[in-house]
Every structure is written in C-alpha cells, then in structure tokens.
Amino acid sequence: MNKVKNKKAIRRLAFRELKADRRMNIVVVLSIMLTCILFTALTTIGGGMMNGMQQETMRQVGGNRMAGIKLVLPEDYEKVKHDAATKDLVYRIIIGNAVNTELKNVKAEFNCAGDDDAAKASFCYPSVGRLPESINETALSTVVLDELQLPHEIGTPVHISLDIDGVVTEHDLTLCGYWEGDKVAMAQMCWLSRAFADKYAPTPSESFYTREHCTYAGYWQVDFNYFNSWNITGKTGALLSRLYGDNTSEYPDTGINWAFSASDVEPGSIVGAIVILLVIFAAGYLIIYNIFHINISSNIRSYGLLKTIGTTAKQIRHMVRVRAAVYSAFGIPFGIVIGVLLSRLMMSSIVNILNIHSAESYSVSAELLVPMCLISAAFTFVTVMISCRKPCKIAGSVSPIEALRYNETDINIKKDRKKTNKVTTFSIALSNMSRSRKKTVVVVLSLTLSLVLVNTLFTVLKGIDKDKYIRDSIVGDAMIRHTDNTNLMDDRINGVTTEAIADLQQIEGAETHPIYFTYGGVCPEGEQLEQLKKLYEKYGSDEVLSAHLEGAVSGSYTADVYGIDEDTAAYFEPVEGSIDAEKLKSGKYAIVHTYLWNADGDSDVEIYHVGDTIKVECGDKMREYEVMAVSIIPYPLSTKVYSILETNVIVSAEEYLSLTDKPAATCAMISTSDESGRVKEQLKAYCDRQGSPLVYTDKQTYLDEFNDLLVMVKLVGGTLSGILALIGILNFINAVVTGILSRRRELAMMNAVGMTGGQLKKMLMWESVHYAVLTAVCAAAVGALLSRTAVRSATGDMFFFSYHFTLLPIMVCVPVLILLSAVIPSVAYRAICNESVVERLREN
Amino acid sequence: MMFGDKKVLARLDKMLEDGINGTFEESDYDETQLSKLESKWLRYLTSSKMSAQKTEQERQKLKELVSDISHQTKTPLSNILLYTQLLQEQPLDEQSLVLADEIRAQAEKLEFLIQSLVKTSRLETGTFQLAPSENNVDDIINSALEQIALKAESKHIRLVYIRENYMAKFDSKWTQEAIFNILDNAVKYSPEQSTVTVIVQIFEMFACISVEDSGIGIAEDELPHIFGRFYRGQNVREQSGVGIGLYLSRQIVEGQGGYIVAESGIGKGSVFKIFLPR
Amino acid sequence: MEVLKTEELTKIYGKEQNKVTALDNANLVVKQGEFAAIVGTSGSGKSTLLHMLGGLDRPTSGKVYVENKDIFSLKDEALTIFRRRKIGFVFQSFNLVPTLNVYENIVFPIQLDGNNVDEKFVGEVIDILGLSDMQSRLPNQLSGGQQQRVAIARALAAKPAIVLADEPTGNLDSKTSQDVLSLLKVTGQKFGQTIVMITHNEAIAQMADRIIRIEDGHIVKGGEPNE
C-alpha cells in the first residue's frame, strides 16, 4: 500500500511545536535529566559498591579467580587447562608455614608462584623488586617484614623457620621483592623460588586424595576463571565430573571464591533486587510521567485544532513520540554526564567519610562505565516512552470540541461538602491535596519510604551494642593468653604461668586478673546421677554421647575447674542464684554450669542447681562445694574448648590454688585506667619478648573490627537511604512544581479575583506543608510499626544487638522537611510570577 | 501592631457592623476616646435614621396626595365623560358634533393618563405589591390578545401567536397589563394590513415573550430612552399617546425580577422582549 | 455618580517596529448602576481596556479612577486587595476554583478579606441566580451556564463597585448565553450594580443600557453616559 508522504510534515510540526513552549520544554528536559541522573548514579554507585565489596572480599580470600581446585598434581593442572570452560589458569605450589616466634601474630604461608599472574591473582605481586628466582630468594609482604622488624629494602637478609609438613627447617634468605601487605587477608602469602620448592617440597607422585598420610607440601593449588561468574558452584561440579568421571573419590577439593557468591542464585536476593529496581523505575516513571502529562495537557487544545484540520490520531501520537524523543536526546546525555560525575563525587565522599583506604576499588572501571551508561540511557529512554504512553493516548483520542473545553487537572472528588466551610488559604490547600490523590499518595509514599529507611538504619546502628559485640570477644580492657591455646595440650590450654602472672602484676597501672584453670572430675551422686541416667537412656543410641554419658553414670566425668577473683566474678551473669564474692572466697561455694554436646542443639543441661552439693575431684584431692549460682563463664574468659560432657566449676582463686600443685591460668584479664598507651606498650612488650608464647589482645583490636562492621552497615544503608531520600525529595519537588505549573491559570484567576501574591504563596506553602505533615505522620506510624516488629525480630538474632525503640531520625527530619516544603513552593511561585496575570489568564 | 490597637480596631469594627445592622448601642460611658467616639457614632446614626424617617414620611404624604388626586378627579372626570356622551346624543350641528367628539377623546385620554399615572405611582411607592406566582404564560397572552383584538381588527392587523404552554413566575393581572401595553404599542405603530407576532421562548432561568411588529421602528439612539417616563419617539409625534405605557410595563416586569429589552432600527420594525423569571 | 473614569488611557505592546498600540487615549465614564457594554471586533483593544479597568494590567500612560481612586498609584499587592474589594470579575472561561464548592467559590473573595459573609445578601444573590439547590456541588459537576452563574454570584457577593465581565457568554451556547445575560442584567438592576461587559456580539450588547464602541484602540462611540 502506498502511503502519503507526510512523515516529514508531521515531524516538522512536532519540532515547531517544541520551539513554541520553551519553558515547559526546559522543565521536561530537566525531569528527564533528573531521571537519567538517578539511573546513572544508581548503576554506577551500585556497581562501584559491588565492585568494591567484591575486591574487598577477594583480598580477604586472597585471590581473584572464580574457583580453584586444591592440592592437586601438575597433570590435574593440565587437565583443567585443556577444559573448554576455564580460562586464566594460575597455580602455586604449597611449601610450608613460617613458625618464627616473631610471626606468631600473622599466618605466613610460603608458596611458589607458578608465574607472575599467579602472584597477581592473589594480590601479592611485588610492587618493588620481583618474584624469587634463585633458591635463596624470597618475596614478602610489608606486613611480614614489619612483624620481622626488617627494613623494606631489597637484599635484606631474612631468617625463616619453615614448618614443612611438620618438619621445621631454618633458612637464611634474601629479600628480592616486597609489596604493601593487606591486613584483612586471612593469611600472608610469601613467595619462594621454584628451585626451593623442588628441593624442600618436591611434588609428590601420588594424588593427595588417594594417599594415606596427609602431607601438603609440594601439591599445587590451581585457580581459574570461567567465562562468566554465573552459577560457579554448578560449573565447578560439572567440571569435576568432566575431568574425573564418576570416580568421586578422586575428586579434588574445590574452592569457590565467595567474592563471586553474589552470582549464585538466591531467590530472596533476586526478589529484593527486583523490588528495588521496580521502586527506582517507578520513581523515574513518576517524575517524567507527571511532567509529560502536564506538558501534553497544556497543548491539548492545539491537538484538537490539528484534528479539526485533518491530522489523524496516529499522527498526533507520532508527534508526541517525536517530541519525547527530542526531549530525551537533550536530557539523556546531560543526565549521564552529571550522573557519572555525581556518583564519583558521592562515592569519593562516602569513601572519605567512612575512611575506606582502597577508594579506587569502589569506582567503576572504564570498560564497565560505558555499558552502564548505555543501560541507564536505555532505561531512561524506555521510561520516557512508557511515561508518554498515556499522554499519547489522551492527545490522540481528544475530540476537537472536547479539546476546547479540556480542563487540565482532573478532580476526583465527588462528594458534596457542607456548604458553610470557611474558606482560608489553609482549607483550600487541604482540598487541593485531595484533588489528585494518586499524586499525593506517591509523594507521601516515597518520602515516607526514605524516612522509614533512615529511621530503620538509625535504629540498627544505635542498637549495635559495642559492649555486647566486644563482650563475646574480650572481657576487660585487654587479655593475655597463650598463642595457641586451643591446642588441647595441657601446657597450652592454661599457658599463662604463675610466673607470667607475677610478672604482669608487676606492671604499674594494670590490674591483672588471672583466670586459673585445671582439668578435674565431677562425681555425680543421687539426684544428679539419676538425671544423667535419664540422659544416657535418651541419647543411648548416639555413639559419641553414650560413650561419654556412660562414663559419667559409672562414676565421674570431666570438670573444667576455674579459679577467679572477685573482679572477674562481676562479669558473670547468673541464670540462677546470685554471686556473692565473699561467700565464694570462703571456699565452700562454687558457680556451676553443665554443658552437653548433642544433636538436638540444647547444649546447656543444668543438672546442678542452687543449693545442690557438687563433688569435685582434682588430682588426688576431692572437695565438695555448695552451688551458689548457675552461670555460663563469659566466652573470652573460658578455655574456648569444650568436651562432649563437662561441668564448669568456678571457685575462688584461693580455693583453686589449694586444689592444684600446678596452678596456671588459661588467660589473664587486664583492667587499666591508663589512656596514654604506656601500659599497653609494656604489656605488649612483655608478650612479644623473645621466646614468650603469650599473645596480647586489647579492646581496640575488637573495636576496630566492630567499626569495620559499622562501616559496612553505614555504607550500604547510608547509600540506599540517601538514594531513596533523593527520590523522595525529587518526587516532592516534582509534585509541588508541576502542581504549581499546571495550575498557572487557576492561580492567576485567584489572583484576579483578589488573592494577593502573599496569600497565594501561603496557600501553596500550606499545600506542601500538608504533604510534609502527612509524610511525617505516615513515616512515624510505619516507622514505629516496622521498628517494633520487623527490625526487632530481625536484629534479635544478632548477639551484639540491643534493641532500643527510637523515632529520633524522623523527628529530626520532619522540621527539615517542613522547612523545605515551605521554601520550594515560594521559589516555584516566584518563577511563574514572571508572567503577568493577564498573560497567564489568556493561556489555554 | 500593638495588642491594644488590635482591641480598639476590633471594637470599631463591631460598632460599624452594629451600625449597619441598626443594632448599635453605647457600651459604657467613661473617659476614653472610644466612649466619646461611640457617642458621636450614635448621634450620627440617629440623625441619619431621622432623615430616613423624614423621607419615609414625605413619601407617605406623596402617596396620600396621589391617592387624593386619583380619587378626587375620578368623579368629575366620569361626569365630564357622562355629560359629553349626553351632549353627543343631542341633535347638534356638524361643528358642535366635532367639538363634542374632541372633548370626549381628550377626556378619555385624560382618564387613561390619570389611571396610568396612579398605577405607576402606586407601583413605585409600593402601595401595590406585585404578587408573582407560578402561572401559565399562555393564559395571560391570550387575555392580552383578546383585549387588543378589536383595535387590531380596526387596522386590519393580523395577530399571530405561536402558542406554547410554559409556566413562569409572575403576577397575572399586572403582567397582562404589561403585555397589553407592548401589544398596544405594536398595533399602534404598525401600518394597516401588517402582522404582529407573539413568540414565547423558554430558557433555563427565564421565559421570554417577544412581540414583533413591522412598524416604523426605533432609531438606535433612542432605544435606551424609550422606557423612560413620558418619552415619545421623534417619528411618532403624530400618533396619539402619552408615553407612559412602556414605562409602566418596565416597572411591572422589573418589579418581578424580569426585564424588557427592545431591538429595533428605523424601518426595520421592532422586537420587544419581556423576560420573566421561571 | 461616576464610578469609573479613564483619562487618556494608552497601552502599547512591544517596541520599535513591533510596536502595537492596543489602546489609544481612551476616555470613558461609567455611572453608578449603569450596565455598559464595550463592543468591538477582536483585536480592537476591548480586552486590553477591560484588563486596565480591572487593574490586571498596567497602562503605558493614562489613568483609571475607580470611585475617584487612581488605581495605578497602588502597588501590585495593594492593587490585588483593591480588586478583591472593588472589582468583581466574570471571565469567559468561568474560572472557578475547582476544589471549592459553589458556595465556597461565591464567598471566596469575601473570606479572602477575612470578612464575615453577609449571609442574607449572598443568599439573595444565590436565589436569584437559581443556585440554591447546588450550593454544595463542585464546579466540575456543573454545566457551563451554571458555572458562569456561580461566577456572576462570586462577582456580586462582595458588593464590588464594578462588575467587569469579559465575554461572559463566549463559551456558552446561545440559549444558555441568553440566560446568563438575563441574570447579569436582572441582578444588575436589582442590586443597582454597575456592570461593564465586553463582547464582540452586537445582539448581546443590545442587552446593555449603553454601548461603548471601540475600534483599533479608539473609543468611537458611547464614551460618555446617556443624559
């Protein structure tokens, strides 16, 4: 079918129309720009954050490859290399761990890097110098160098005691390269040459997985990438079955880099992401839709006119779309540029405020930026096109006569109101709010959302209890314990000797409270015995449990005997009875707690209660105590080692000393009022002195850890609520400004019949103040509800959280919001006042 | 503004409002300016009230005078007419007969004039109250047409009435008179053998009775004046009339919340429209 | 008594070559209680004249006196308040406040002034204009004619010195136009209200007591009241 060639005429008309209404155009372009800025900022900030967190996780993991297979042979490496699904293969050869006493605070793993890429992949490529080549060279991180108290200089001699599969050898090496070490990494990677590896840790010929005894040295760790990061776990499984067939016993261990675990399909997070995307999309849609709608409405008469002279509905729709496209062509590029700049600015300020050091990892790389911008642009354009669909329909379906009468603001109120309402600027403003409920709902909702989010964030932040968080890690101001006290060997579990305690007590300004410990036994009798018998029956089928319970039933079982002083006793939180330090000192009383490991999960089995007598044997001594309280010993003070069945018997330090001939403490709690750091230095120096197995930890270490957690919550929550607040405020400004623009004529008419500029401004202000108040009410209601229910229950599981109800952020934001709502209309009204009343009245 | 000022202003506002509503009273007598002002204000209100009363008295006197005139002139006028008739029945010579006829014509004109004047006066002073009620427009038009039929026939003027049954709010008796006056004018100023048309139109708020003639018409300059008392058009000086009919009609129609407009031009005929509220 | 008077009223739009003289030394007097119609073709300057009379626009030169007050000596804000108290507007496109009901629209200018509503008077106006049954309705529930009746009521309610009507029947069909004009005339005559109406329609102008003709910015006829 031949068509009349009219496209050109229509397009020309569309462009002419555009030129006619410059101010409206600016508003529309601005709104498109805003949406585009929103999308661009969001994608780049989001991308940057994800990137940053991934980088951070990778650094913690110590590798940037997606997956790896562990403890394999060179032939496995070749197999993986030739698989079509993998790329970027790197390997390193395990040699051993350093056991220098200076390195007791860090875990230094010595490996041989397959090549430069292998070093780079684990973020351990020397920034100065190079990887080791000859047998006596090594490359270390600055963290290791600092611990060894060696200068950052190539050629520095390094002495290393290397534990290779249990055999310690001494090596004198020369530093050939170093790099800025990363404290967050789980282990410090250290490099040795291939020659070293071949000599001291030759690659075994037999597979690790089919071998009888476990030695690690000489095996290869192979890491690699897939072509995309989707479903890495599944891909790895597939890879193994490809490489090793059905012979699952030969499957090597695999490692999935959990920096990429976000890409593992999790329904919850996908729903969450979709919801957030929809919210953002809706926000953009609303910004553009409102303005576009007004734009079209204000031109409706001219569309009616065009119809009378023979323009078809289709042509008019086409015109509107051309218009939208032209607006987009102006708005989107600017939006992208501003969006990118804005996100850069925001990210850098976030990074600055939160004191994140690796700022560069929190920005989007150049090759990602382009597609992100393109996506934002496409997203904006789609939004524009969707937003203009309804206005398009209106414009297309307008009848010439209707167009002449068209009233741009639909009013939904149908109800008759009482006649005698007193008309004030306040009441008009109120009824103006109800004229477009949809808009009111959207504005109030988006503002409420951001306020509630800020409130929730604040509640969470406020609820994160520093002391609670630390309490499970440290008690008192500092603690001293044996470097490897989780080792069950006796001298390590209570590795703080009486001599050490005496030394520590010499340090001025520090009060040392030793937590004495020794193993003993409990001899249950009577009631307790009956109870244990019941448990024995209950868990008789469980191999492990029954073995232990059998022992208990037949006479005695493990007792952890602690001796504490009264300052330490203050940290106990009894679940039964109360702690009386004086009574405890008398030596006749004990604090008791019984623990039974079992499959059902209920591990606290209190068989001794207040008033019961407990019979404890310790070495050759046998004592009886009256139970004065039932209380778990605070975790940091305990040995951190549990038996299947044990009862903690806590007695006074004096009593403890009379029980055993070999007194020793599992740890020492230090309290100090010293702020200068002198005590800390002294304590540290004492622990770090040559040959000392003791490790010093203080509150600050955990506080730092705690702050890292806070930073995370702040970063994510702050950015999210910032964006939502931005959307809320944009929607608010949009609602107010479009409300005023679309009612220019109405306002002019009110002015004509005698409403002064002051009164008009007052009315408009009231209108937006109503929005603000409504928002405040909604936010307070929703915020309170959410806080009391969801936040409370969600945070209930976190051990370091103590819930406090608060609406403070909302209370703080409301005056700001009201101020804002009073200022915006006044500014917007001033803008329309540039035209005289007569001009505005004539406008159709 | 000082708090005291506000109070004073509020009191002044109240004083004025009471004054307007006629309920003003002095509140208290003391040494304040406000008290002095109150007294002055009351004096002013009383004096203007007195002058209003005086006007009312004068109006009353006028009303009595009019009533007296109409009453007192009624008998002599009837007598004049009676005697003139008697005179005409006498065998008189040609010349005397003409004179007698003239006396009768003038006497009748005088009677009409006095009657119209009395009516106008009574309407104006409110002696007669117009009592509008829901009535059928058709009825009064028919009555008015009946009244004018004889006169029209004598000039061979065709009366056309496009009938409609519409209700409107008006005082039957007086409105009939108003319509009659308009019809009378139409017949009077229309040439022989012509047509006078009465059309009724209905609007949401008003019923419109238009009377169209094909008479000499009225100049545009004159249109605003034709409803004035004793106004007679430049072109109708030779026709008999006293120039009070249209004035009376307007008084009647406006008195019931309606109005009359005339559209015309020299030689175009005239259209008189009576709008009555529904 | 003269309610409205203009002296050499001139309005010039644009500059230099684009200069358009919309109003050229217009002199005009309107007496208390008059119903005057300003008639002219479109572009004759009648709208400009009306806007000047109502203080919506300022003249290039010349003066407008309302009740002997030179209105353009007032500042904008004062002029607005002046308008509220002294001028009642009836616009072509009704221009009611869409969120206020009929009654509220009518008393809007009065309440803007913080005055108590003269219920008796307003009730009478509402009655005459036949709006008694629709006082609590919103403008979008009314026909065009009804809306314009509300606009007339609003113009009258504050007992202004002058009612200015700008093509009050421009958006109405002829039958409704007749009604609205009738009401304008009847209420004018009932309350002795001075009304100045502009129209391009001769037949509508006939309703007025006096016709003021304007052509190309000049008042060509009817500038002075009838004797």
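The numbers here are math on the coordinates, done by the rules we state, and not lab data. Just so it is clear, the model here is predicted, and its values are computed rather than measured. Cβ sites come from the backbone with ideal geometry, for glycine too, and all protein chains shown count toward neighbours.
At A:Val99 and C:Arg58, where each label point lies 7 Å from the Cα along Cα→Cβ, what is the point-to-point distance in nanometres?
9.7
Gaussian network model of chain B, Cα springs within a sub-10 Å range: biggest mean-square fluctuation belongs to which of B:Gln201, B:Gln53, B:Gln176?
The residue with the greatest mean-square fluctuation here is B:Gln53.
Which of these, B:Ser70, B:Ser47, B:Ser194, has the largest mean-square fluctuation under a Gaussian network model of chain B (Cα springs below 10 Å)?
Top of the fluctuation ranking is B:Ser47.
Please rank A:Ser229, A:Ser450, C:Ser42, fewest neighbouring Cβ atoms within 10 Å first, as an exposure proxy.
If I rank by nearby Cβ atoms, fewest first, I get C:Ser42, A:Ser229, A:Ser450.
Among A:Leu71, C:Tyr65, A:Phe227, whose Cα sits farthest toward the positive end of the charge dipole of the protein assembly as shown (+1 at Cβ of Lys/Arg, -1 at Cβ of Asp/Glu, about the Cα centre)?
C:Tyr65
On full extension of the chain, what length is gained from A:Gln149 through A:Val544, given 0.36 nm per residue of separation minus the C-alpha to C-alpha distance?
Contour length minus the Cα-Cα distance gives 137.4 nm.
Where in segment A:557-578 is the amide nitrogen less than 18 Å from a point lying 7 Å along the Cα-to-Cβ axis of A:Glu626?
Inside the label zone: A:576-578.
Among C:Asp57, C:Asp133, C:Asp70, what is the fewest-to-most ranking by other Cβ atoms within 10 Å?
C:Asp133, C:Asp70, C:Asp57
Rounded to the nearest 20 debye, what is the charge dipole size of segment A:484-692 about its Cα centre when +1 sits on each Lys and Arg Cβ and -1 on each Asp and Glu Cβ?
Working: 16 positive and 39 negative charges, 65 e Å.
So the dipole magnitude of segment A:484-692 works out to roughly 320 debye.
Extension gain A:Glu675-A:Asp253, at 0.36 nm per residue separation less the Cα-Cα distance, in nm?
147.1 nm
Projecting each Cα onto the charge dipole of chain C (Lys/Arg +1, Asp/Glu -1 at the beta carbon, about the Cα centre), which of C:Leu112, C:Ile211, C:Ser174 comes out farthest on the positive side?
C:Leu112
Among A:Asp674, A:Asp76, rank each residue by its count of other Cβ atoms within 10 Å, from fewest to most, as a rough exposure measure.
So the residues, fewest neighbours to most, are A:Asp674, A:Asp76.
Can you give the FRET efficiency to the nearest 0.05 for B:Glu134 and C:Asn115, using r as the Cβ-Cβ distance and R₀ = 56 Å?
E(calc), rounded to 0.05, equals 0.95.
Give me a single rounded figure for C:177-186: the average over its residues of other chain Cβ atoms within 10 Å of their Cβ.
Partner-chain Cβ atoms within 10 Å, mean over residues of C:177-186: 6.
Listed here are the pairs B:Lys61/C:Lys120; A:Lys87/A:Lys235; B:Lys14/B:Lys49; which of them are more than 22 Å apart at the Cα?
From the list (B:Lys61/C:Lys120; A:Lys87/A:Lys235; B:Lys14/B:Lys49), the Cα-Cα distance tops 22 Å for B:Lys61/C:Lys120.
Say R0 is 35 Å: what FRET efficiency, to the nearest 0.05, do C:Glu215 and A:Ile26 get from their beta-carbon distance?
Plugging the Cβ-Cβ distance into 1/(1 + (r/R0)^6) gives 0.30.
If you count, for every residue in C:52-58, the Cβ atoms of partner chains within 10 Å of its Cβ, what is the mean?
That works out to 3 on average.
Below 8 Å, C-alpha to C-alpha, sequence gap of six or more: please give me the relative contact order for chain B in percent.
So the answer I get is 15 percent.
Between B:Tyr161 and B:His225, what is the FRET efficiency for a Förster distance of 25 Å, r being their Cβ-Cβ separation, to the nearest 0.05?
0.30
Between A:Ile135 and B:Ser96, what is the label-point separation in nm under the 7 Å Cα-to-beta-carbon projection?
It works out to 18.0 nm between the two label points.
What is the extension gain from B:Ser48 to B:Lys268, computed as 0.36 nm multiplied by their sequence separation minus the C-alpha to C-alpha distance, in nm to one decimal?
The span from B:Ser48 to B:Lys268 would gain 74.1 nm if fully extended.
Using a Gaussian network model on chain B with a 10 Å cutoff between Cα atoms, which of B:Glu17, B:Glu177, B:Glu164 fluctuates the most?
For chain B, modelled as a Gaussian network with Cα springs under 10 Å, the answer is B:Glu17.
Which lysines have a Cα less than 16 Å from the Cα of A:Lys107, not counting those fewer than 8 places away in the same chain?
Once the sequence-local lysines are set aside, what remains near A:Lys107 is A:Lys183.
What is the sum of charges around A:Cys176, taking Lys and Arg as +1, Asp and Glu as -1, for the other residues whose C-beta is under 14 Å from the C-beta of A:Cys176?
Overall, the nearby charge balance is -3.
At 222 nm, what helix-only mean residue ellipticity would the protein assembly as shown give, in deg cm²/dmol to the nearest 500, using -39500 (n - 2.57) for each DSSP H run of four or more?
Calculated mean residue ellipticity at 222 nm is -16500 deg cm²/dmol.
Just grab the label-to-label distance for B:Leu82 and A:Asp117, each label 7 Å out from Cα along the Cβ direction, in nm (one decimal).
Reported label-point gap for B:Leu82 and A:Asp117 is 14.4 nm.
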